[in-house]
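Presented below is the structure to which this report refers.
Readers should treat all values here as calculations from the given coordinates under stated rules, not as data from a laboratory. All figures in this text were calculated on a predicted structure; none of them were measured in a lab. Every residue, glycine among them, receives a Cβ derived from its backbone with ideal geometry; neighbour counts consider all protein chains shown.
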Amino acid sequence: MALIAARDVRRVYRTGNVDVRALDGVSLNIESGQLTTIVGPSGSGKSTLLNILGGTDQPTSGSVVCDGVEIENLSEAGLTKYRRERVGFVFQFYNLIPTLTAAENVGIACRGIKGAIEPSEILETLGLAGRERSFPHELSGGQMQRVAIARALAKRPALLLCDEPTGALDSKTGDEVMRTLRQAAETSNAAVVVVTHNEGYSRLADRVVRLRDGKVSTARRMLETDI
Ligand SMILES: Nc1ncnc2c1ncn2[C@@H]1O[C@H](COP(=O)(O)OP(=O)(O)OP(=O)(O)O)[C@@H](O)[C@H]1O
């Protein structure tokens, strides 16, 4: 069974007298252990979809079931619990706390979460052994992003949502980060979903969801092994 099943999801924003249909009947499944990229032109609804999957926004209509949770029916408290326990977030500009070390940044994010991975262990998995005590300003962009990925993975989320995770990186480092995310999907069995403007990364994806005007225009598998 798919980790996420979205059915006929609509999100309408009202600005003044104008309704903007950010999502206009999106249906898709997202599987655990796979890397899914969401691509499409600016304004096509990519971030809106990510926000709904992550429980930072709710659909105007339609249904989104993630890991057995019906997101559209959650209260504020339910959404907070869902975000905290099931979803990891990775952002373009890392969002690390500058006054905390790499290990502290990871540790603080999963305080009180049962079964969370030790900061040193997850940092090592992500190739950052020996950098536990480094502060963000002592790390390169790629290393900071790997700390951010470690922070997101430490709580063993079912879903890892990444909004333009390579947007601030050069192409070689961006490639490395995408490979790290692909590996994370395999080893952690999380569903990794990446919004990206870089269509080239689709070659690393198991599945590519293309949005256009708030609708899915194509959703296809990329790897031979998954066809
Ligand atoms: N809070 C909001 N209020 C009003 N309109 C919004 C809001 N958020 C998004 N929109 C509109 O919804 C549409 C989809 O926006 P969204 O940010 O999801 O697109 P996107 O594909 O992520 O774009 P980009 O690639 O530029 O980040 C756009 O027309 C946008 O202006």
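Dividing the summed helix terms, -39500 (n - 2.57) for each DSSP H run of n ≥ 4, by the number of residues in the chain produces a 222 nm estimate of -8500 deg cm²/dmol to the nearest 500. Modelled label positions at N95 and A2, each set 7 Å beyond Cα in the direction of Cβ, lie 2.5 nm from each other.
What is the total of Lys pairs in the chain with C-alpha atoms under 14 Å apart, excluding same-chain pairs fewer than 8 positions apart?
4
Highest mean first, the peptides 178-186, 89-97, 126-134, 8-16 sorted by other C-beta atoms within 10 Å per residue fall in the order 178-186, 89-97, 126-134, 8-16.
Could the peptides 18-24, 154-160, 169-175 be put in order, highest first, of the mean number of other beta-carbon atoms found within 10 Å of their residues? Spell out each step's value before the answer.
Details: 18-24: 16.9, 154-160: 22.0, 169-175: 14.9.
The peptides rank, most packed first, as 154-160, 18-24, 169-175.
Under the convention that each Lys and Arg Cβ holds +1 and each Asp and Glu Cβ holds -1, the size of the dipole of the stretch 75-167 around its Cα centre is about 320 debye.
Build a GNM of the chain with springs between Cα atoms under 10 Å: which of G62, G115, G45 gets the top mean-square fluctuation? Sorting by GNM fluctuation, first place goes to G115. Approximating the spin labels as points 7 Å out from Cα along Cα→Cβ, the R14-to-R203 distance works out to 4.8 nm.
Divide the volume of the convex hull around the Cα atoms of the chain by the residue count and you get 132 Å³ per residue.
By DSSP, the beta bridges lying fully in the chain are antiparallel in about 60 percent of cases.
GNM on the chain, alpha-carbon springs under 10 angstrom: the most fluctuating residue among I122, I30, I113 is I113. For T173, neighbours were defined as the other residues whose beta-carbon sits under 11 Å from its Cβ, and their charges (Lys and Arg +1, Asp and Glu -1) total 0. In this rough spin-label picture, where each label sits 7 Å from Cα along the Cβ direction, the R111-E76 distance is 2.2 nm.
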